[in-house]
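> Pasting a structure here, questions to come.
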Amino acid sequence: MEETGKTTRDEIAAQTGALIAGVRDARPLVQMITNYVSMDIAANVLLAAGAAPAMVFAPEESPEFVRRASALVVNTGTLSAPGAQAMEVATTAARTHGVPWVLDPVGAGATKFRDDTICKLLRHRPAVIRGNASEIMAVARLAGLTQEAGAPRGVDSAHETSQVEGLAQKLARHGLCTVAATGDVDIVTDGRRLVRLANGSPLMTKVTALGCGLTGYVGAFVGLGVDPFTATVSALAAYAVAGDIAAEQAKGPASFRTAFIDALYTIDASDVAARLRVG
Amino acid sequence: MEETGKTTRDEIAAQTGALIAGVRDARPLVQMITNYVSMDIAANVLLAAGAAPAMVFAPEESPEFVRRASALVVNTGTLSAPGAQAMEVATTAARTHGVPWVLDPVGAGATKFRDDTICKLLRHRPAVIRGNASEIMAVARLAGLTQEAGAPRGVDSAHETSQVEGLAQKLARHGLCTVAATGDVDIVTDGRRLVRLANGSPLMTKVTALGCGLTGYVGAFVGLGVDPFTATVSALAAYAVAGDIAAEQAKGPASFRTAFIDALYTIDASDVAARLRVG
Amino acid sequence: MEETGKTTRDEIAAQTGALIAGVRDARPLVQMITNYVSMDIAANVLLAAGAAPAMVFAPEESPEFVRRASALVVNTGTLSAPGAQAMEVATTAARTHGVPWVLDPVGAGATKFRDDTICKLLRHRPAVIRGNASEIMAVARLAGLTQEAGAPRGVDSAHETSQVEGLAQKLARHGLCTVAATGDVDIVTDGRRLVRLANGSPLMTKVTALGCGLTGYVGAFVGLGVDPFTATVSALAAYAVAGDIAAEQAKGPASFRTAFIDALYTIDASDVAARLRVG
């Protein structure tokens, strides 16, 4: 189990600063099939970052639409049978057209219906899987890599990310993808490399769907066409640094949310260089 | 028709302060089947309060999910046929598993479809019904307790809560539940006791879905396992006091919304003790 | 191709001030069938303006509901087959009952499914069509008025409004309706008159669904019963002036959003008189 190795903090900071600017320049079109709770904030996260979000899910049009997208993001929150069908159609089309896609397995492990849906989605080979520790554990179980149940409480994590480092690496190797588990410390791995990121604020857990917004943000970085591991590390780093900036101005979760979106709009390489904490 | 009786203002304030802390300690898991307009704000209200919201509605999973929930909240806004079916399945399961559930009969009286859906839901015995005065009147009519039509204008109330005190009490006795009608003055009754609460700000009517958020907040208090009447009185009291706090900082509805969610996050027993107004 | 002619800036400002007050007085009930991304902000825009929004779409109830509405607004974002059916039923009912309706053809030109849906809706004769330049171009193509494809990128415009002035006028004459294309400069035409409005902030494109919110706002003004061209000019003028006011206080898209909704709540004739810029 190799670790960060030569990837130093400063290299990550520089890469992150470059990709933040890259999103603003390229304006990647990110198609999202996301839950109803997150629609507003996920779109606003992407707009603040400089990307172009499009919430398009109907099976009648998403295969036609996804071809022009730079990335597709699929999120299993507020799941329904038509929603699961929409995800199946869109991820199939994304794979056909070589569009990278990112999976946010909200509620993995919570019900059989979630698990069945996520199992099917995994067959379409996401480039990145981003969840909390319990969700990553549950996905690893669905992939046959552990017997342990993720057992989230509702949609919240019952585990620390440090508990799933090994499983996340196994899952990444098994799926030939990047896996990110976020929490107090975020981890990102492609099965070989593993980075720990330690920025962010506890208030981020008090604003609904900020995790879903993060997965959309990962989609924007992946949509730049860089290696998904690098894209994911940079997206998580930038997002958490924006969380640090916002926390300094917040009186509670709602003023935090406002300051956070504003911070995603203004954040640049110098903010990351000054604040990034690698675990 | 008995009134507040021995329940003094100070007793309500003390109880409210204790339950605000109780929600933060217990982090009740509140499953919500709510309308699309309210998804974001209802989840944020619950998170700010310290509860764990989960917007889970699919009939494929909600019976499995609701067993672990501390309370279920059902809201008939943006109603659809699949939505009505989801509510039917979830409330049936809640009743089977002894999970208390709270009904927000948005738009009761507005169309036959709403009324038919609400009629069916009433059979599953909500622990609490929370609506505006016109909605409570309409529900009382659906229960055969009055001929008077609620006749709301859109989703707004055409009545004052003082006009429905008697009907709310009848409805509470008829349904063996707690009934709350909110407006300039909020009333809560279990058919025997009746409390009037007079905090809050007119700006609360200028932010969409704050009523839906309140019903979610009631769900969190009910999820603590205390008597639903006490839980509802305390939830309404805390919510309206947070409204008072927010109004002091607001320049309009959006800055009010931000300050309000922040206030729900910080409010404690001393705020309630200092500000509560019982009618 | 006649232009503004006698409609001077001061006349537009005076009319706008009067209609802003008119919405607050009349509280028009605006039924919206809008996309999931815009539900929250569109409802909050209408509430801040003093109107009464109602997000009602189920075919089981919308024909019954729309009869009491002052206007109906239909938006094709996050389109689905059930959604398209809901729009068909509601616009048919609106036409039957003489309720004016406003079309926001989100994503026109992006997929065949969008285009087919919008084609069907056009048969029910909207009073106003409000979109970005690419969407207006795409709708004109659907109406057989041009061969040029709108070709939006995702849901963003690939054109300036100055490029579609002629087409917008043709479309207005063809559909006997008012057409508004919004962008850096907004244009409004009824086929005979054409007004250019030059207020607003670039931050308006960084907040999701502000365009959808604008279409709802147009619905409130149309719901006053004045001529749709006049209503649309005034709604666009007031909205963009509120954007100017908000931009002066914003640090980014989220603080802009808050200030913008607050500005819609407080804006009056004197703000418009002082700030309106007619192109």
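The values are calculated or read from the model by the stated rules, or taken from the named source; none is laboratory data. All of these numbers come straight from a predicted model, not from anything done at the bench. Counting neighbours? That spans all protein chains shown, and the Cβs are built from the backbone with ideal geometry, glycine included. Quick note on the areas: whole protein, heavy atoms, side chains included, nothing else; ligands and nucleic acids left out. Shrake-Rupley method; radii C 1.70, N 1.55, O 1.52, S 1.80 Å.
> Could you run the numbers on buried accessible area between A and C, total for both chains, 1.4 angstrom probe, in Å² to the nearest 100?
2400
> Output, in nm with one decimal and in ascending order, the distances from the residue A:82 label point to the matching label points of the other copies (7 Å from Cα along Cα-to-Cβ).
In nanometres, ordered from closest: 0.4, 0.4.
> Hey, another quick one. Can you list residues whose amide H is under 5 Å from residue C:52's amide H, if they're 5+ apart or on another chain and H is modeled 1.01 Å from N?
C:29, C:30
> Could you please state, rounded to a whole Å, how far the C-alpha centre of region B:234-272 is from the C-alpha centre of region A:96-125?
So the separation of the two Cα centres works out to 39 Å.
> Once you have the alpha carbon radius of gyration of region B:169-222, what is it after dividing by 2.2 N^0.38 Å, with N set to its residue count?
Here the Cα radius of gyration is 1.21 times the empirical estimate.
> Right, next: If I build a Gaussian network model for chain C, linking alpha-carbon pairs within less than 10 angstrom, which residue out of C:255, C:134, C:234 has the largest mean-square fluctuation?
Evaluated over chain C, the most mobile residue of the options is C:255.
> Still on this model: Are there residues in region A:85-126 whose accessible area shrinks by at least 10 Å² when all protein chains are included rather than the chain by itself, and which are they (probe 1.4 Å, ligands and nucleic acids not counted)?
A:110, A:111, A:112, A:113, A:114
> Could you check what % of the DSSP bridge pairs in the protein assembly as shown are antiparallel, to the nearest 5?
Counting DSSP beta bridges with both partners in the protein assembly as shown, the antiparallel share is about 35 percent.
> For label points placed 7 Å from Cα toward Cβ, what is the shortest-first list of nm distances from residue A:227 to its copies?
Label point to label point, same position, other copies: 6.5, 6.5 nm.
> From Cα coordinates alone, what are the radius of gyration and Dmax values for region C:176-276 in angstrom?
My reading of the Cα-based Rg and Dmax gives 13.1, 42 Å.
> On to the next question. Mind listing P(r) for region C:1-159? All alpha-carbon pairs, 5 Å bins, whole percents.
Bin by bin from 0 Å, the calculated values are 2, 9, 16, 19, 18, 16, 13, 6, 1, 0.
> At q = 0.11, 0.12, 0.13 Å⁻¹, what base-10 log of I(q)/I(0) does the Debye formula yield for chain A when every alpha carbon is treated as an equal point scatterer in vacuo?
Log10 of I(q)/I(0), two decimals: -0.53, -0.64, -0.76.
> Could I ask something else about it? Can you work out ³J(HN,Hα) from phi for every residue in region C:181-198, in order, using Karplus 6.51 cos²θ - 1.76 cosθ + 1.60 and θ = phi - 60°, giving whole Hz and x for Gly and Pro?
Those phi angles translate into 10, 10, x, 4, 10, 8, 10, 9, 8, 10, x, 10, 8, 9, 10, 10, 10, 10 Hz.
> Express in nm, to one decimal, how much length is gained between residue B:112 and residue B:198 on full extension, taking 0.36 nm for each residue of separation and deducting their alpha carbon distance.
Extra length from residue B:112 to residue B:198 when fully extended: 27.7 nm.
> Next question, about the same structure. Through the Karplus equation 6.51 cos²θ - 1.76 cosθ + 1.60, θ set to phi - 60°, convert the phi angles of region B:68-83 into ³J(HN,Hα) values in whole Hz; use x for Gly and Pro.
Karplus-based 3J(HN,Hα) across region B:68-83 equals 8, 7, 7, 7, 10, 10, 10, 10, 8, x, 6, 5, 9, 4, x, x Hz.
> Could you work out the helix-only [θ] at 222 nm for chain C, with each DSSP H run of four or more residues adding -39,500 (n - 2.57) and the total divided by the number of residues, to the nearest 500 deg cm²/dmol?
Helix contribution divided over all residues of chain C: -15500 deg cm²/dmol.
> Can you tell me the relative contact order of region A:61-166? Whole percent, Cα pairs under 8 Å, sequence separation 6 or more.
Relative contact order of region A:61-166: 24 percent.
> What is region B:101-186 by shape, rounded, prolate or oblate, if you read a ≥ b ≥ c off the alpha carbon gyration tensor as root eigenvalues and call it rounded for a/c under 1.5, prolate for a/b larger than b/c, and oblate otherwise?
Since a/c stays below 1.5, the shape of region B:101-186 is classed as rounded.
> Spelling out what I want: for every residue of region C:267-279, take phi, set θ = phi - 60°, compute 6.51 cos²θ - 1.76 cosθ + 1.60 (Karplus), and round to whole Hz; glycine and proline get x.
4, 9, 4, 5, 4, 5, 4, 7, 10, 4, 10, 9, x
> Write down the Å³ per residue value for the convex hull defined by the alpha carbon atoms of region C:227-269.
Per-residue hull volume (Cα only) is 65 Å³.
> Find the accessible area per residue for the protein assembly as shown; the probe is 1.4 Å, ligands and nucleic acids are left out, and the unit is Å².
Using a 1.4 Å probe on heavy atoms only, each residue of the protein assembly as shown averages 32 Å².
> Here is a further query. Which of the residues in region A:27-43 show a loss of at least 30 Å² in accessible area from their chain by itself to the complete set of protein chains, at a probe of 1.4 Å?
Going by heavy-atom accessible area, the residues of region A:27-43 that drop by at least 30 Å² are A:27, A:29, A:36, A:37, A:39, A:40.
> Turning to a different aspect of this structure: Using a label position 7 Å from Cα in the Cα→Cβ direction, what is the ascending list of nm distances from residue B:21 to the same site in the other copies?
So the distances to the same position in the other copies read 5.3, 5.3 nm.
> Tell me, what % of the accessible area of chain C is carbon and sulfur with a 1.4 angstrom probe?
Heavy-atom surface of chain C belonging to carbon and sulfur, 1.4 Å probe: 52 percent.
> Under the rule of at least 5 residues apart or a separate chain, name every residue whose amide H is placed under 5 Å from the amide H of residue B:184.
Here the answer is B:161, since their amide H atoms fall under 5 Å of that of residue B:184.
> Next question, about the same structure. Please check: in the Gaussian network model of chain A (C-alpha springs, under 10 Å), which one of A:127, A:13, A:58 has the largest mean-square fluctuation.
Greatest mean-square fluctuation among the candidates belongs to A:58.
> Return the long-range amide H neighbours of residue A:101 (sequence gap of 5 or more, or a different chain), with a cut-off of under 5 Å between placed amide H atoms.
Residues meeting the amide H criterion: A:72, A:127, A:128.
> Using the C-alpha atoms of region C:40-116, what convex hull volume per residue, in cubic angstrom, is computed?
94
> For the protein assembly as shown, state what percent of all Cα-Cα pairs lands in each successive 20 Å bin, counting from 0 Å until the bin that includes the largest distance.
Answer for the protein assembly as shown: a P(r) of 17, 50, 31, 3 percent.
> Can you bin region A:86-231 into rounded, prolate or oblate? Criterion: square roots of the alpha carbon gyration tensor eigenvalues sorted a ≥ b ≥ c, rounded for a/c under 1.5, prolate for a/b above b/c, oblate for the rest.
rounded
> If you don't mind, there's one more thing I want to ask. With only Lys, Arg, Asp and Glu charged, each at its Cβ (+1 for the first two, -1 for the last two), find how big the charge dipole of the protein assembly as shown is about the Cα centre; round to the nearest 20 debye.
The calculation lands at about 980 debye.
> Could you work out the local net charge near residue B:190, counting Lys and Arg as +1, Asp and Glu as -1, over the other residues with Cβ closer than 10 Å to its Cβ?
Overall, the nearby charge balance is +2.
> With 30 Å as the limit, write out which pairs from B:206/C:112; A:206/B:251; A:112/A:170; B:120/C:112; A:112/B:112; A:206/C:251 have Cα-Cα distances beyond it, or answer none.
The answer is B:206/C:112; B:120/C:112; A:112/B:112.
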